[in-house]
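Note sheet for the following structure.
The values are calculated or read from the model by the stated rules, or taken from the named source; none is laboratory data. None of the values given here were measured: they were computed from a predicted structure. Cβ sites come from the backbone with ideal geometry, for glycine too, and all protein chains shown count toward neighbours. Note: accessible area is taken over every heavy atom of the protein model, side chains too, but ligands, DNA and RNA are not part of it. Shrake-Rupley method; radii C 1.70, N 1.55, O 1.52, S 1.80 Å.
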Amino acid sequence: MALKVALLGCGVVGSQVVRLLHEQADDLAARVGTPLELAGVAVRRLGRRRDADVDPALLTTDAEALVTRDDVDIVVEVIGGIEPARSLILAALNSGKSVVTANKALLAEDGATVHAAARANNADLYFEAAVAGAIPLIRPLRESLAGDHVDRVLGIVNGTTNYILDKMDSSGASFSDALEEAQALGYAEADPTADVEGFDAAAKAAILAGIAFHSRVTAADVHREGITEITAADVASAKAMGYVIKLLAICARSEDGRSFGVRVHPAMIPRTHPLAGVREAYNAVFVEAQSAGRLMFYGAGAGGAPTASAVLGDIVAVARNVLANTRGPEESTYADLVVHPVGETVTRYHVSLDVADKPGVLARVADMFAKQDVSIQTVRQEGLGADAQLVLVTHRASDAALSATIESLRELDIVRDVVSVMRVEGEDTP
Ligand SMILES: NC(=O)C1=CN([C@@H]2O[C@H](COP(=O)(O)OP(=O)(O)OC[C@H]3O[C@@H](n4cnc5c(N)ncnc54)[C@H](O)[C@@H]3O)[C@@H](O)[C@H]2O)C=CC1
Ligand SMILES: N[C@@H](CC=O)C(=O)O
Ligand code: NA
């Protein structure tokens, strides 16, 4: 007997899920042990032209009725956003269906509710596509590394922003042109603010940290900065110093192991760093675990077909569980560690200051750093006279000390503007 799949949403990802379910039907049936059949596809509007070749008889605008239908075994949610996705997923789980979702926004906002519903109903909740698209990352963390102790997860988890930063760096494209290209290629979220302001990466970081450190983490726990303030001048200045700017997600345990930090922000990394070679919409994530050492996961982090690949992998896993009357791993939060504030983060900084070009300026600026115990590694002057800029790179310092330094620099009459402050990552370890 076939297992029936209900699909919610038929956009960039959903239409590719439909295509793969059709094109690979025989292989999927052989791998699962029984055919997978599309029971229905919930869409917002009937009669709209769509990429997928869907039998019109399967289309419905009544998603609620579809997810609770008796003959449906697995519900795939690729609508995105919080509502109605959450209500539909809960209705599916409460009707005993297993769920596959790509929805990182929901999992990071209210994962506790959906995971609890999965547990209460003895149903599966799989979400490999939610983080880093096609790259197998959730399953390795939840299953392959279940016997290890993860200390750090660090990488590029948003394809749209990586595409924009890469185009700005390699071809001098403007921010807005590069964003339009990323949207046309199907990488961006429905509202690209989620990408460029770092919300999407922050949601993914929350999910990764929660799994890696066996603790509950929500998007609100993540320190988030986007890329909208990054200018062509920042990109050029980074390039001149042998760096490239990337939007990084960093989840790291504290040294005493009692807490961890989760942050998403643009950072300069050396052009020789492995993450510097991650181009276009590709993602790459390092996982550092005590016994496994350093692992690197690389691949397509966005786009219809790559994301659908991860969704299909989850559908097969869930279908096998349904047939075997078993279920996959449930949410693990037993460690219950706390998330420490970003002020405790220790890293290096690149600071650009617009200063008056006159004797004594450097000494006064250096004094502000010294007062906060922030040690300067390099300093150089760019431009002359009214255009003079001081560019400083610090040794490792706490975020709190650096912020206090910047505040005091702003008050100096010789500092006309703090042009940019950016973290420098990846010089000690990847
Ligand atoms: N596009 C990508 O590269 C990736 C997307 N994702 C996630 O996959 C999910 C879907 O993303 P996309 O396919 O890119 O978005 P999309 O905007 O192309 O597709 C969503 C579809 O859901 C439909 N929809 C909205 N409300 C509905 C409702 N009440 N009932 C039925 N259909 C409804 C919309 O009309 C649209 O066709 C999101 O959670 C996104 O974050 C995850 C990884 C990569
Ligand atoms: N908008 C996201 C899509 C995948 O999660 C991105 O650009 O990475
Ligand atoms: Na993935």
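Looking at segment 11-24, is at least one residue open to solvent by less than 60 Å² (accessible area, probe 1.4 Å), within 27 Å of ALA188 (Cα to Cα), modelled with pLDDT of 95 or more and in a loop (DSSP other than H, G, I, E, B)?
Scanning segment 11-24 turns up at least one residue that is open to solvent by less than 60 Å² (accessible area, probe 1.4 Å), within 27 Å of ALA188 (Cα to Cα), modelled with pLDDT of 95 or more and in a loop (DSSP other than H, G, I, E, B).
So, of the residues in segment 155-199 that are within 16 Å of ligand 3 (Cβ to nearest atom) and within 23 Å of PRO270 (Cα to Cα), which turns out to be surrounded by the most Cβ atoms within 10 Å (Cβ to Cβ)?
Among those that are within 16 Å of ligand 3 (Cβ to nearest atom) and within 23 Å of PRO270 (Cα to Cα), it is ASN158.
Among (1) touching a strand residue (DSSP E or B) at 6+ places or on another chain (Cβ under 6 Å); (2) away from ligand 1 (no atom under 15 Å from the Cβ); (3) farther than 15 Å from GLY313 by Cα, where does LEU46 come up short?
Evaluating LEU46 over (1) touching a strand residue (DSSP E or B) at 6+ places or on another chain (Cβ under 6 Å); (2) away from ligand 1 (no atom under 15 Å from the Cβ); (3) farther than 15 Å from GLY313 by Cα leaves (2) as the failure.
Regarding VAL287, is this residue under 23 Å from THR218 (Cα atoms), touching a Lys or Arg at 6+ places or on another chain (Cβ under 9 Å), among the β-branched types (Val, Ile, Thr) and at pLDDT 95 or above?
So VAL287 passes the test.
Can you tell me which residue is nearest to VAL421 (Cα to Cα) among those in segment 260-296 that are among the hydrophobic types (A, V, I, L, M, F, W, C) and within 14 Å of ligand 2 (Cβ to nearest atom)?
Result: VAL264.
So, GLU64, is that one open to solvent by 50 Å² or more (accessible area, probe 1.4 Å), outside any loop (DSSP other than H, G, I, E, B) and within 23 Å of THR307 (Cα to Cα) or not?
Criteria not met by GLU64.
Being more than 10 Å from ligand 3 (Cβ to nearest atom), at pLDDT 95 or above and either in a helix (DSSP H, G or I) or buried (at least 19 other Cβ atoms within 10 Å of the Cβ) (or both) narrows it down to one residue among ALA118, ALA129; which is it?
ALA118
The conditions are (1) within 16 Å of ligand 2 (Cβ to nearest atom); (2) of a type in the set (Val, Ile, Thr); (3) over 21 Å from GLY9 (Cα atoms), and VAL150 fails exactly one of them. Which is it?
Going through the list (1) within 16 Å of ligand 2 (Cβ to nearest atom); (2) of a type in the set (Val, Ile, Thr); (3) over 21 Å from GLY9 (Cα atoms), VAL150 breaks only (1).
Assess whether LEU353 counts as being hydrophobic (A, V, I, L, M, F, W, C), buried (at least 20 other Cβ atoms within 10 Å of the Cβ) and away from ligand 3 (no atom under 16 Å from the Cβ).
Yes.
Check whether at least one residue in segment 67-75 is in contact (Cβ under 8 Å) with a residue 40 or more places away in the chain, out of contact with any Lys or Arg (no Cβ under 9 Å at 6 or more places or on another chain) and within 13 Å of ligand 1 (Cβ to nearest atom), and report yes or no.
The answer is no, given that none of the residues of segment 67-75 is in contact (Cβ under 8 Å) with a residue 40 or more places away in the chain, out of contact with any Lys or Arg (no Cβ under 9 Å at 6 or more places or on another chain) and within 13 Å of ligand 1 (Cβ to nearest atom).
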